[in-house]
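Following: one structure in structure tokens, then a few remarks.
The values are calculated or read from the model by the stated rules, or taken from the named source; none is laboratory data. Nothing here was measured: the structure is a model prediction, and the numbers come from that model. Reconstructed Cβ throughout: ideal geometry from the backbone, glycine too, with neighbour counts over all protein chains shown. Each accessible area value is taken on the protein alone, full model and side chains, heavy atoms only, with ligands, DNA and RNA left out. Shrake-Rupley method; radii C 1.70, N 1.55, O 1.52, S 1.80 Å.
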Amino acid sequence: MPKEPILEVKDLCIEFKIHGGSVKAVRGVNFDLYEGETLSIVGESGSGKSVTVKTLMGLLAGNGKITKGQILYKGVDLAKYSDSDFESIRGKEISMIFQDPMTSLNPTMTIGKQIMEGIIKHQGKSKEEAREKAIELIELVGISEAESRMKQYPHQFSGGMRQRIVIAIALACNPKVLIADEPTTALDVTIQAQILELINDIQKKTGVGVIFITHDLGVVANVSDRVAVMYAGKIIEIGKCREIFYNPQHPYTWGLLASMPTLDSTDLELYAIPGSPPDMTKPPKGDAFARRSEYALAIDMEEEPPFFMVSPTHKAATWLLHPNAPKVEPPELVKRLRKKLGGASA
């Protein structure tokens, strides 16, 4: 892994104005992305995952605003970019694969034209050159008879094929960063596996850095180099994939892992995290997860925990890692998962 990241997010804060106040959707997020790496960001709905990555593309909703922080790409702070500035970045340097391919594609345009559009705009290619590149991309994503498929419309393809086309569009201008926002949620398990394998193959060929957003921990285990766990607009634990799965430290991460079904799970064993995420118009004092955690300490209600280093590549924001904190064991289901998967080595 290179020493210098291709993307650095520093203390990013995002708010959405609503009647009578604002929603603090993202509160001081920090992470890096390296060439050829897959960083997965996981957490419950509403934790701030999608808002964070859409901001990297300049796709905040009209009432959303970056209130603090930096998004450094090639030494330039994208947090200061206007909508027109992002036109030179979006699709060319940073691309995105959205969750539902049918809403990502224009139903009135052939898929050939949709792939060629970005190539002509960002790379200055002629129509013939763009057409040849589009055919190559269709073949790259595993669609046969590429030349004849160029003339077809989105409704003439299956869901899995449409998602392959969306990937082809995202890759058209050779981006350095590829954001995949739950790209397999709308697909069945078999097609899901094919799409994940396709993204992995393309990453090996191109060296693109991938940010993967998902709530599916099974997908995370299969695709990730590193994992960031988000809760209430903050990253509360981050580390190598093996560290997060085999040696989780934050009670919220324990809850996510304990609620993950396995082939030998029974309905009686499945765990559900109690309560609901907090109201982000008024973020709670202290550790935002404390009100839902059976492991909460008195200090959790008063003071937000800093990050404690578990290893050089693994850290978690929980007071349970303080030297004076009582020794607490994770739930039995997490311990069994860790034992089954081979221990706590990273």
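Annotations
- Subset tally (residues that are of a type in the set (A, V, I, L, M) and in contact with a Pro (Cβ under 9 Å, 6 or more places away or on another chain)) for segment 157-175: 4
- Where a residue in segment 158-169 is under 15 Å from residue 201 (Cβ atoms) and charged (D, E, K, R) and its partner, wherever it lies, is at pLDDT below 90 and part of a helix (DSSP H, G or I), with Cβ under 8 Å and at least six apart: 164/195; 164/198
- Scanning segment 44-56 for residues that are among the charged types (D, E, K, R) and in a loop (DSSP other than H, G, I, E, B) returns a single hit, 44.
- Considering only residues in segment 136-191 that are among the charged types (D, E, K, R) and assigned to a loop (DSSP other than H, G, I, E, B), the one that is least open to solvent (accessible area, probe 1.4 Å) turns out to be 182.
- Residue within segment 228-246 that is buried (at least 23 other Cβ atoms within 10 Å of the Cβ), acidic (Asp, Glu) and touching a strand residue (DSSP E or B) at 6+ places or on another chain (Cβ under 7 Å) present: yes
- Residue, nearest to residue 174 (Cα to Cα), within segment 205-227, restricted to residues that are assigned to a helix (DSSP H, G or I) and either open to solvent by less than 30 Å² (accessible area, probe 1.4 Å) or out of contact with any Phe, Trp or Tyr (no Cβ under 9 Å at 6 or more places or on another chain) (or both): 206
- From 15, 4, residue being of a type outside the set (A, V, I, L, M, F, W, C), open to solvent by 60 Å² or more (accessible area, probe 1.4 Å) and over 18 Å from residue 181 (Cα atoms): 4
- Inter-residue pairs, beta-carbon under 6 Å, first aromatic (Phe, Trp, Tyr) and in segment 179-197, second surrounded by fewer than 18 Cβ atoms within 10 Å (Cβ to Cβ) and in a helix (DSSP H, G or I), 6+ apart: none
- Which numbered condition residue 59 misses (of (1) in a loop (DSSP other than H, G, I, E, B); (2) touching a residue at least 60 places away in the same chain (Cβ under 8 Å)): (2)
- Residue list for segment 93-151, restricted to those being of a type in the set (Asp, Glu), within 30 Å of the chain's Cα centre (by Cα) and more than 23 Å from residue 197 (Cα to Cα): 117
- Condition met for residue 5 (more than 17 Å from the chain's Cα centre (by Cα), modelled with pLDDT under 95, more than 25 Å from residue 304 (Cβ to Cβ) and not hydroxyl-bearing (Ser, Thr, Tyr)): no
- Within segment 244-261, residues that are in contact (Cβ under 8 Å) with a residue 12 or more places away in the chain have Cβ atoms under 8 Å from residues that are among the hydroxyl-bearing types (Ser, Thr, Tyr) and surrounded by 24 or more Cβ atoms within 10 Å (Cβ to Cβ) in these pairs: 244/253; 249/318; 250/318; 251/318; 252/231, counting only partners at least 6 apart in sequence or on another chain.
- Taken together, the residues in segment 24-43 that are open to solvent by less than 50 Å² (accessible area, probe 1.4 Å) and either among the aromatic types (Phe, Trp, Tyr) or in a loop (DSSP other than H, G, I, E, B) (or both) amount to 5.
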